[in-house]
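Enquirer: Structure below; questions to follow.
The values are calculated or read from the model by the stated rules, or taken from the named source; none is laboratory data. Every value quoted in this text rests on a predicted model; they were computed, and no experiment measured them. Note that each Cβ is placed from the backbone with ideal geometry, even for glycine, and that neighbours are counted across all protein chains shown. Remember, those area values only see protein heavy atoms, side chains included, never the ligands or the DNA or RNA. Shrake-Rupley method; radii C 1.70, N 1.55, O 1.52, S 1.80 Å.
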Amino acid sequence: MNKISDKTKGDKTKQNLIDAGMELFGEHGFTATGTRMIVQKAGVNISAIQYYFGGKEGLYRAVIEHIAERIGSHINPLAEEIKVEFEKGGKSRETAAVCIEKAVRGLLNMMIKSREARKWALIVMREQAIPTPAFDILYDSVMAKAHGLLSRIIAAGACIEPDSDEACLRAHAVIGSVLGFLSAKETVFRRLGTAEYTKEHFRILDVLLPAMAVSSFNAEADGAAK
């Protein structure tokens, strides 16, 4: 009984540290976040970080692994569903349009509508801007696969080579059109006179962002460069 109790207590302590680290690393960055700040936020003993994670670096890696697992739990099933639908439809332009709409709505649901994402969004954005060695965890576990699939779908819709730089950049542009509503939300909140997106805002985005993604199929890269 005591062993079970100790394990439960240990699991709770580890999760409290991960939750505290997720908030503080996101707000202050890795370097500016001290271990005392973390244990105070988590409500645990100062020795707990060393005991459970081997130090601050180990805790940060655990935080990134936790985030990757949570993102993967949303993205991976959706990506597999979209991949099956895309291949079943013969990778046609029409199927690509349906799949890109589904992908954009999935990204919108996960990153913008979900309150859970707000817990780790700042860390993900920091890792994108100034990557640490831990970025490999995010990239290898979820980002590379999802980005690659999106590139192939957009390539089919735009009639370009799926492994081309253009396909990759188009995919990133579509992702950016969604994530801008997270990374630059303060500007739009002030323009809207609100502190949160409302149901009506989401209704508009549910229509607007997928439509923009499909319309990007017709964008002429050569013409845009002139």
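Enquirer: If you check Val207 against the conditions, is it of a type in the set (Val, Ile, Thr) and either surrounded by fewer than 13 Cβ atoms within 10 Å (Cβ to Cβ) or closer than 19 Å to Arg105 by Cα (or both)?
Expert: Answer is yes for this residue.
Enquirer: Check Glu69, Glu23, Glu80 and return the single one that is open to solvent by 70 Å² or more (accessible area, probe 1.4 Å) and under 18 Å from Pro131 (Cα atoms).
Expert: So the residue among Glu69, Glu23, Glu80 that is open to solvent by 70 Å² or more (accessible area, probe 1.4 Å) and under 18 Å from Pro131 (Cα atoms) is Glu23.
Enquirer: Oh, and also: Residues in the range 158-169: is at least one in contact with a His (Cβ under 8 Å, 6 or more places away or on another chain) and not in a loop (DSSP other than H, G, I, E, B)?
Expert: Quick first cut of the range 158-169, residues in contact with a His (Cβ under 8 Å, 6 or more places away or on another chain) only: 168.
Add one more test, that the residue is not in a loop (DSSP other than H, G, I, E, B), and what stays is 168.
Looking through the range 158-169, at least one residue is in contact with a His (Cβ under 8 Å, 6 or more places away or on another chain) and not in a loop (DSSP other than H, G, I, E, B).
Enquirer: Give me a count of the residues in the range 110-121 that are surrounded by fewer than 19 Cβ atoms within 10 Å (Cβ to Cβ), of a type outside the set (Gly, Ala, Ser), assigned to a helix (DSSP H, G or I) and touching a residue at least 24 places away in the same chain (Cβ under 8 Å).
Expert: Of the residues in that region, 3 qualify.
Enquirer: Let me ask another. Filter the range 46-65 down to the residues that are without any contact (Cβ under 8 Å) to a residue 12 or more places away in the chain and part of a helix (DSSP H, G or I), then identify the one that is farthest from Glu23 (Cα to Cα).
Expert: Tyr51
To keep it simple, each residue is scored yes or no on (1) touching a His at 6+ places or on another chain (Cβ under 8 Å); (2) open to solvent by less than 80 Å² (accessible area, probe 1.4 Å); (3) in contact (Cβ under 8 Å) with a residue 24 or more places away in the chain.
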{"residue": "Leu108", "(1), (2), (3)": "no, yes, yes"}
{"residue": "Ala173", "(1), (2), (3)": "no, yes, yes"}
{"residue": "Leu192", "(1), (2), (3)": "yes, no, no"}
{"residue": "Glu200", "(1), (2), (3)": "no, no, no"}
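Enquirer: Now for a different question. For the range 123-134, indicate whether the set of residues that are basic (Lys, Arg), touching a helix residue (DSSP H, G or I) at 6+ places or on another chain (Cβ under 9 Å) and within 19 Å of Ile100 (Cβ to Cβ) is non-empty.
Expert: First, the residues of the range 123-134 that are basic (Lys, Arg): 126.
Now narrow it down to the ones that are touching a helix residue (DSSP H, G or I) at 6+ places or on another chain (Cβ under 9 Å): 126.
The next check asks that each one be within 19 Å of Ile100 (Cβ to Cβ); those that pass are none.
No - not one qualifying residue is present in the range 123-134.
Enquirer: Within the group Glu127, Glu101, Glu87, which residue is under 29 Å from Gly26 (Cβ atoms), acidic (Asp, Glu) and part of a helix (DSSP H, G or I)?
Expert: Going through Glu127, Glu101, Glu87 in turn, the sole match is Glu127.
Enquirer: May I pose another question? Here are the criteria: (1) free of Cβ contacts under 8 Å to residues at least 12 places away in the same chain; (2) open to solvent by 80 Å² or more (accessible area, probe 1.4 Å); (3) part of a helix (DSSP H, G or I). Tell me which single one Lys145 does not satisfy.
Expert: (1)
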